[in-house]
Amino acid sequence: MRMSVEQPLWRALAGYRVLTMVYAIAVFATSYEEFARPWVAVAYFAVLCVWTLATLPLVANAAQCTKRFLAADITVALAGILLTLVADTPERIADGRPTLPTIWTAGSVLAFAIKGGWRWAAVASSLVAAANLVERGGPTRDTVHNVLLVWVAAIAIGYVVEVARASERTLARALEIEAATRERERLARDIHDSVLQVLAMVQRRGAVIGGEAAELGRLAGEQEVALRTLVSGGLVPVSRVSEDAAEGAVVRAVEEPDDDSGPLDLRALLAPHAGARVSLAEPGAPVLLPSPAARELAAAVSAALDNVRRHAGENARAWILVEDEPDAVIVTVRDDGPGIPEGRLAQAEGEGRLGVALSIRGRLRDLGGTAELVSTPGQGTEVELKVPKQRTRGQ
């Protein structure tokens, strides 16, 4: 995605240069007969008109606006100010009449400000100030006022541009970190639902069988702990980069695969879980959700049932209740196991066991939903998964 606060400033500068060029020509046309050498002014305005229109592409962005162009542009502005001494009469100059380029020179100074910040703006505005003092023959109230106005405005805009660029880089870095975190959590969920479950099963079965199988189970347990540590600590994809390009900060992030297969009936995804010890209660009508949301919700339900089998025992019963509300889909998974001791979830997450944190809550958070877990020792555990329909329609 591309972000740029300064790009509108370049577009505004291009428009400003054209409008001020027209204004300068109009001011000269209204007082043409009062000039001592009007042909000098006509020649300058011809050059100014061609230069302004020809260089519009060079003020389109920071990359096109080179140092060589800025030097030539400020030269055109300074030449116009000094040529006023040749084209106009001493009386008009002493009377404070505008220079040939009038306020067009501010556009040249602003180009310095947007390109290089407040330091470049200070240099350019100082050059314009010196040229104006030479043209007027010394400091006057009007000259000092105009010079200070251009100087302060250019430095202020240059400073704002520098702050905007720094903010864009900070935002780009934040988006990069967010994208990396989301990808790490997605991979962690997939690993938890597959590899970690298999390693945990091998460890348990090996301990029961004994002998060489016990050693295999021990190794599987060690690998499970190592993999959990890796998943919870720093599995970050590398295929994303942020940079400060000419048109603003750029963030390239890993894009999750799109699934355009249309809405799915959540009941069909949950039906395989029904069995002798798992009861499924669902509405009579289809419970439609976008495919990614339906699959993620079904995966969260599967993770909750895995927790029932692992922690409540093989003989524990579970019930799945699907509710299709007007604004949300709610799936409740309840069991009759011994419940979860207080503080056990926080302890498990600290040990790197991220089943509830990632496979359940992480999935629902990504969908804009919530996962509420209520457990009473001796009375079982209940997990309520809620996915808003308005959020999932926009996916």
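The values are calculated or read from the model by the stated rules, or taken from the named source; none is laboratory data. From a predicted model like this one, the values you see are computed outputs, not experimental measurements. Cβ sites come from the backbone with ideal geometry, for glycine too, and all protein chains shown count toward neighbours. Accessible surface areas use protein heavy atoms only, side chains included; no ligands, DNA or RNA. Shrake-Rupley method; radii C 1.70, N 1.55, O 1.52, S 1.80 Å.
Can you work out the PRE-style zone for residue 379? Point 7 Å along Cα to Cβ, and I want the residues of segment 304-338 with backbone N under 14 Å. Within reach of a label on residue 379, which here means backbone N under 14 Å from a point 7 Å along Cα→Cβ, segment 304-338 contributes 335-338. When both segment 85-105 and segment 47-69 are represented by their alpha-carbon centers, they are found 25 Å apart. The peptide list 296-303, 20-27, 320-327, put in order of mean Cβ contacts within 10 Å with the highest first, becomes 296-303, 20-27, 320-327. Here segment 1-156 has 70 percent of its accessible surface on carbon and sulfur atoms, given a 1.4 Å probe and all protein chains in place.
Of all lysines in the structure, those lying under 29 Å Cα to Cα from residue 67, and not within fewer than 8 positions of it along the same chain, are 115. Average accessible surface for segment 290-329: 43 Å² per residue, computed with a 1.4 Å probe over protein heavy atoms with every protein chain in place.
Between residue 56 and residue 174, the FRET efficiency estimated from the beta carbon spacing at R0 = 41 angstrom works out to 0.75.
Computed over protein heavy atoms with a 1.4 Å probe, the accessible surface of segment 56-151 works out to 46 Å² per residue.
Ranked by accessible surface with a 1.4 Å probe, highest first, in what order do 159, 32, 44 come?
The ordering from most to least exposed comes out as 159, 32, 44.
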